[in-house]
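Right, one structure below, let's go through it.
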Amino acid sequence: MSSRADGARPVRVIVTGGGTGGHVYPALTTVNALRAVLAEQGRALSVSWVGARGKLEERIAGEHGIEFLPVATGKLRRARNPLGMLTWTNIKDLARVPWGAVQACGIVRRLRPDVVVGFGGYVAVPVSVAAWLCRRPLVIHEQTVRLGLANRILARLAKVTAVSSESTLGLLPGGARAELVGNPIRAELFGGEPDRAVAALGLDGFDRALPTVYVTGGALGARQINNLIVESLPWLLKQANVVHQCGAAEIDRMREAATALSPELAPRYHVAEFIGAELPDLFALADLVVARSGAGTIAELSALGKPAVLIPLASSAGGEQSFNARYLDERGAARALLGEVTGEDLRAAIGALLDDPAARGKMAEHARELGKPDAARTLSALILRVAGA
Ligand SMILES: CC(=O)N[C@H]1[C@@H](OP(=O)(O)OP(=O)(O)OC[C@H]2O[C@@H](n3ccc(=O)[nH]c3=O)[C@H](O)[C@@H]2O)O[C@H](CO)[C@@H](O)[C@@H]1O
């Protein structure tokens with residue numbers, strides 16, 4: 001097995017990771033950046049994505065012409081049943097991990113990648129272990145400020161753990177090598193145009209003299225945020241237009257709630273289950289964002305310099321979303337609403353920012369200071385260095 005990529009043939013990379021947008025989009029963005037960097041050097045990329053069957057990564061890899069290879073995977077849960085014992089599901093999931101590692105070993109042996117890059121999610125565990133067992137160089141990317149459970153284990157096996165935030169550097173286990181790169185975000189997010197969002201989403205009823213608030217619950221939507229917004233809509237729409245991404249499971253309930261709005265306010269409200277290709281333009285249109293504080297969302301808000309009110313998912317692994325939200329809040333880059341959030345809390349936070357464009361401007365500036373718009377290229381350079389390319 002050759003240990004270094006030579007100049008003549010394509011650089012062979014296995015990426016792995018998935019489950020949610022927070023892992024999948026950084027992986028996709030990095031593949032695109034690797035392709036671009038290598039093309040500038042007149043070289044090609046040969047890439048395979050190892051993920052879990054039926055999850056977001058399979059669809060996204062397919063849509064972007066990336067070879068997809070499935071392996072078995074299971075959730076590594078810390079929580080057990082109330083008696084403190086492992087449940088049957090825990091045991092089944094645990095048993096799938098070594099089987100996934102056996103499958104992943106077969107893939108790594110066959111493809112002989114120059115480097116394996118893990119972006120987190122349960123599926124990254126067996127594939128990263130396989131890279132280590134087969135002595136292929138491993139790079140781990142951590143999106144969150146806190147180090148996830150899987151990546152804390154895998155960091156010891158990796159040549160380099162690439163982190164998104166400076167404060168993560170101190171959290172790595174002894175012996176692990178870390179470099180700060182940021183969290184890769186899709187290049188197209190930087191090219192948004194407000195007027196295109198109005199046309200693409202059909203926002204003709206919006207009052208363009210008023211600010212626009214973009215509400216997002218993360219790729220799947222967030223019931224808590226949906227409830228808070230529905231309760232606050234009659235107040236909010238008097239002073240702003242609202243685009244509300246609510247998740248597929250809640251779209252009917254949200255449309256039903258919107259029928260109660262007065263004819264004067266209703267045209268200022270647009271609800272969607274998911275924002276696809278319109279996202280760059282919508283970010284450009286938004287004067288304020290109300291969001292969950294998943295790592296992908298906060299990386300985007302920072303890189304784009306968007307003022308935000310963050311409502312973290314309190315039960316995210318290790319309270320990671322609360323940590324993210326607090327991190328931005330302490331740096332003046334967002335307003336975090338922690339613990340039990342009431343409609344009144346949300347209205348106070350939104351109202352303070354809508355009434356004060358200068359405060360929004362300052363918040364946007366602080367957000368931009370934390371942003372790392374070059375993360376994808378920095379990470380690509382690191383990956384190619386580890387690959388010996
Ligand atoms: C519930 C859960 O476990 N969440 C985790 C998950 O976040 P999750 O994947 O839910 O959220 P993130 O904020 O990290 O990423 C969401 C991504 O989806 C995109 N998007 C969202 C809505 C939409 O309509 N269109 C769209 O494109 C966002 O722009 C972003 O790129 O992985 C993150 C990264 O490890 C973690 O920080 C989160 O705690």
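Nothing in this text is a laboratory measurement; each read-out follows from the coordinates by a stated rule. Here the structure is a predicted model, which means the values were calculated and not measured. Using ideal geometry, Cβ is built from the backbone for each residue, glycine included, and neighbour counts are taken over all protein chains shown.
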Query - Value at 222 nm in deg cm²/dmol, rounded to 500, when DSSP H runs of n ≥ 4 in the chain each add -39,500 (n - 2.57) - result: -13000 deg cm²/dmol
Requested in this report: Treat each spin label as a single point 7 Å out from the Cα along the C-beta direction, and report the Ser46 to Phe274 distance in nm.
Outcome: 3.2
**Report entry** Label-point separation, Leu261 to Gln224 (7 Å along Cα→Cβ), nm
**Finding:** 2.4
Query - Sequence-separation-based contact order of region 188-370, relative, with Cα cut under 8 Å and 6+ spacing, percent - result: 24
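If you take every residue apart from Leu34 with its C-beta less than 13 Å away from the C-beta of Leu34, what net charge results, scoring Lys and Arg +1 and Asp and Glu -1?
Net local charge, Leu34 excluded: +3.
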Query raised in the report: What order do you get for Ser380, Ser322 when you list them from fewest to most C-beta neighbours inside 10 Å?
Result: Ser322, Ser380
**Report entry** Cα gyration tensor shape of region 104-256, rounded if a/c is under 1.5, else prolate or oblate by comparing a/b with b/c
**Finding:** prolate
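Please compute the length gained on full extension between Ala199 and Arg112, using 0.36 nm multiplied by the number of residues separating them and subtracting their Cα-Cα distance.
On the way: separation 87, 0.36 × 87 = 31.32 nm, distance 4.75 nm.
Length gained between Ala199 and Arg112: 26.6 nm.
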**Report entry** Whole-Hz couplings from phi, Karplus 6.51/-1.76/1.60, listed for region 301-308; x for Gly and Pro
**Finding:** 4, 5, 4, 8, x, 10, x, 8
Query raised in the report: Can you give the Rg to Rh ratio of the chain, both from alpha-carbon atoms, with Rh computed by the Kirkwood formula?
Result: 0.99
Query raised in the report: Roughly how tilted is helix 88-111, in degrees to the nearest 10 and between 0 and 90, from the longest Cα axis of the chain?
Result: 60
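For the chain, what does the relative contact order come out to in percent, with C-alpha contacts under 8 Å and a separation of six or more?
Numbers: 803 pairs, mean separation 63.6, N = 389.
Dividing the mean separation by the residue count of the chain yields 16 percent.
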Query raised in the report: Just the Cα atoms of region 188-370, one point each, no solvent: what log10 I(q)/I(0) does Debye give at q = 0.11, 0.14 Å⁻¹?
Result: -0.41, -0.70
Query raised in the report: Under unit Cβ charges (Lys, Arg +1; Asp, Glu -1), what dipole magnitude, rounded to 20 debye, does the chain have relative to its Cα centre?
Result: 2180
Query raised in the report: Hey, if you put +1 on the Cβ of every Lys and Arg and -1 on every Asp and Glu Cβ in the chain, which of Thr89, Ala308, Tyr327 ends up farthest toward the positive end of that dipole?
Result: Thr89
Report summary line: The answer for GluC sites (Glu not before Pro) in region 283-363 that fall in a DSSP coil and have at most 12 neighbouring Cβ atoms within 10 Å is Glu340
Report summary line: Percent relative contact order for region 148-243, counting Cα pairs under 8 Å at least six residues apart, stands at 20
**Report entry** Charged-residue dipole, Cβ positions (Lys, Arg, Asp, Glu), region 176-321 about Cα centre, Debye nearest 20
**Finding:** 280
Query raised in the report: Which residue, Leu203, Leu379, Leu154, tops the fluctuation ranking in a GNM of the chain built on C-alpha contacts under 10 Å?
Result: Leu203
Query raised in the report: List the lysines whose alpha-carbon lies under 23 Å from that of Lys92, not counting same-chain residues fewer than 8 positions away?
Result: Lys55, Lys75
